[in-house]
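Peer 1: Quick one: this structure, given as structure tokens, is what I'll be asking you about.
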Amino acid sequence: MRLLILGTGGMANNHANNFKMIGGVEIVAAVDVDPIRVEAFALQHGIAQTFTSLEDAIAWGEFDAVANVTPDRAHHPTTMRLIEAKKHQFCEKPLAETHALAMEMTEAAEAAGLINMVNLTYRNVAPLQKARAMVRAGEIGFVKHVEASYLQSWLISKKWGDWRTESQWLWRLSTAHGSNGVLGDIGIHILDFASYGAGLEIDHIYARLKTFDKAEGGKMGDYVLDANDSFIMSVDFSNGALGVIHATRWAAGHYNDLRLRIYGDKGGIEVVHTPNGSLLRACVGDRAENAEWVEIDAGEVPTNYMRFAEAVKTGVNGEPDFRHAANLQRALDLSFLTERDRSELALK
């Protein structure tokens with residue numbers, strides 16, 4: 001597979017480092033509107049060809065697939081142009097800013113017969129994959145209740161940088177600059193983490209969103225800081241189970257922590273993922289009577305990058321695909337509506 005990387009910001013380095021480790025994959029070109037940045041990226045990763053426009057790259061054409069690591073707003077227009085050019089795509093999340101745009105991308109990619117996948121990175125967490133397998137095998141029985149959380153502290157901690165003094169972070173806090181807040185940024189991850197791990201689809205959703213005051217007048221320079229910082233939601237899953245899902249950037253003591261608890265009528269499973277590692281625990285069988293939890297070795301799983309490379313090689317689309325990401329985007333879109341109307345909404 002000859003791969004082009006579109007967008008050479010921070011996340012693009014993860015793509016380059018992962019794809020370089022996969023046999024049969026050659027990163028042949030990089031594209032970015034910033035000529036200095038794209039040249040530095042190409043030098044760092046040993047990439048021979050660079051472009052400052054997608055059109056120039058398509059005119060060159062010597063690539064099979066694209067890792068789309070552009071800002072969220074650019075996903076739709078760049079993806080649609082690449083579909084016209086018949087290129088397979090591995091897109092960063094969220095797939096698009098709205099469900100309508102995401103579905104347009106999905107239907108176009110499917111109609112063209114192209115491999116289409118989205119980098120929902122926590123699919124790489126082996127305990128999540130193992131938990132799903134255990135649930136689907138019936139080890140905890142009929143799923144009744146799900147809890148999921150995604151906790152970050154970057155509005156408090158300066159570990160990643162200081163948004164109060166470093167303006168490059170402020171777009172994440174401003175809807176006018178393309179942010180859907182914590183819901184759009186990490187909400188898509190925790191929704192996928194919860195529904196995928198539980199092996200269930202979300203049927204109904206009711207969400208509350210909150211934006212806290214962070215600066216005088218709610219503004220810093222050109223940035224109006226109006227994007228949500230925290231959300232909580234209650235959901236009904238496809239089998240009737242209830243779920244509670246929440247996320248915030250105000251969680252002191254949690255750099256980037258995800259937790260999932262799944263309870264059935266025969267036992268429970270817990271997945272914890274932090275920057276320091278992942279953990280899977282289960283309370284099943286006879287242990288459920290005595291509330292005895294044991295840690296389970298989840299082994300290793302292929303990364304999304306590996307699955308995409310395999311999909312292009314075999315011609316069989318992999319997971320998570322565009323359609324799944326579009327369904328998640330519908331849940332995000334409806335969350336904003338439920339907050340506005342204070343009402344529960346069905347996803348279908």
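Read-outs throughout are calculated quantities, based only on the coordinates presented, and are distinct from any laboratory measurement. What you are looking at is a predicted structure, and each value in this text was computed from that prediction instead of being measured. Cβ: placed from backbone, ideal geometry, glycine included. Neighbour counts: every protein chain shown.
Peer 1: Could you run the Karplus curve 6.51 cos²θ - 1.76 cosθ + 1.60 with θ = phi - 60° over segment 305-315 and give me ³J(HN,Hα) per residue in whole Hz, x for Gly and Pro?
Peer 2: 3J(HN,Hα) across segment 305-315, in whole Hz: 4, 5, 5, 5, 4, 5, 5, 5, 5, 8, x.
Peer 1: Between VAL301 and GLU26, take the C-beta separation as r, use R0 = 22 Å, and let me know the FRET efficiency to the nearest 0.05.
Peer 2: 0.35
Peer 1: A further question follows. For segment 1-89, what mean projected area does the convex hull of the alpha carbons give, in nm²?
Peer 2: 5.0
Peer 1: Here's a follow-up. Take ARG81 and ALA40, extend 7 Å from each Cα along the Cα→Cβ direction, and tell me the distance between the two endpoints in nm.
Peer 2: Each label point lies 7 Å from its Cα, and together they span 2.4 nm.
Peer 1: To one decimal place, what Kirkwood hydrodynamic radius in Å is obtained for segment 55-137 from all pairs of distinct Cα atoms?
Peer 2: Radius from the Kirkwood sum: 14.0 Å.
Peer 1: From the Cα trace of segment 108-198, what convex hull volume per residue do you get, rounded to a whole Å³? Walk me through the intermediate numbers first.
Peer 2: Values: hull volume 15.6 nm³, N = 91.
Value for segment 108-198: 171 Å³ per residue.
Peer 1: Hey, with R₀ at 45 Å, roughly what FRET efficiency would LEU242 and ASN13 work out to, going by the Cβ-Cβ distance, to 0.05?
Peer 2: 0.65
Peer 1: Which stretch or stretches of segment 71-94 have amide N atoms under 15 Å from the point lying 7 Å from ALA111's Cα along the Cα→Cβ direction?
Peer 2: 80-86
Peer 1: Next question. Using only the alpha-carbon atoms of segment 194-316 as identical scatterers, what base-10 log of I(q)/I(0) does the Debye formula give at q = 0.12, 0.17, 0.22, 0.23 Å⁻¹?
Peer 2: -0.73, -1.12, -1.27, -1.29
Peer 1: Related question: As an exercise, identify the chymotrypsin sites (Phe, Trp or Tyr not before Pro) in segment 172-244 lying in DSSP coil whose Cβ has no more than 16 other Cβ atoms within 10 Å.
Peer 2: Answer in residue order: PHE212.
Peer 1: Right, another one. Antiparallel DSSP bridges in the chain: what percent, to the nearest 5?
Peer 2: Bridges in the chain are about 60 percent antiparallel.
Peer 1: Here is a follow-up. What residue among ALA42, ALA16, ALA252 shows peak mean-square fluctuation when the chain is described by a Gaussian network model with Cα springs under 10 Å?
Peer 2: Result for the chain, Cα springs under 10 Å: ALA252 fluctuates most.
Peer 1: Then there's this: Compute the semi-axes of the equivalent ellipsoid of the chain, taking the square root of 5 times each eigenvalue of the Cα gyration tensor, and list them largest first in whole Å.
Peer 2: Equivalent-ellipsoid dimensions as semi-axes: 33, 26, 20 Å.
Peer 1: I want to check the label-to-label distance for SER234 and TRP250. Put each point 7 Å from Cα in the C-beta direction and report it in nm to one decimal.
Peer 2: Using points 7 Å along Cα→Cβ, the separation is 2.1 nm.
Peer 1: Once each part is reduced to its C-alpha centroid, what is the distance from segment 48-96 to segment 24-39 in angstrom?
Peer 2: Cα centres, segment 48-96 to segment 24-39: 11 Å.
Peer 1: Same structure again: Neighbouring Cβ atoms within 10 Å as the yardstick, rank MET80, MET134 fewest first. Before the final figure, lay out the partial values.
Peer 2: Values: MET80 14, MET134 22.
Least to most surrounded, the residues fall as MET80, MET134.
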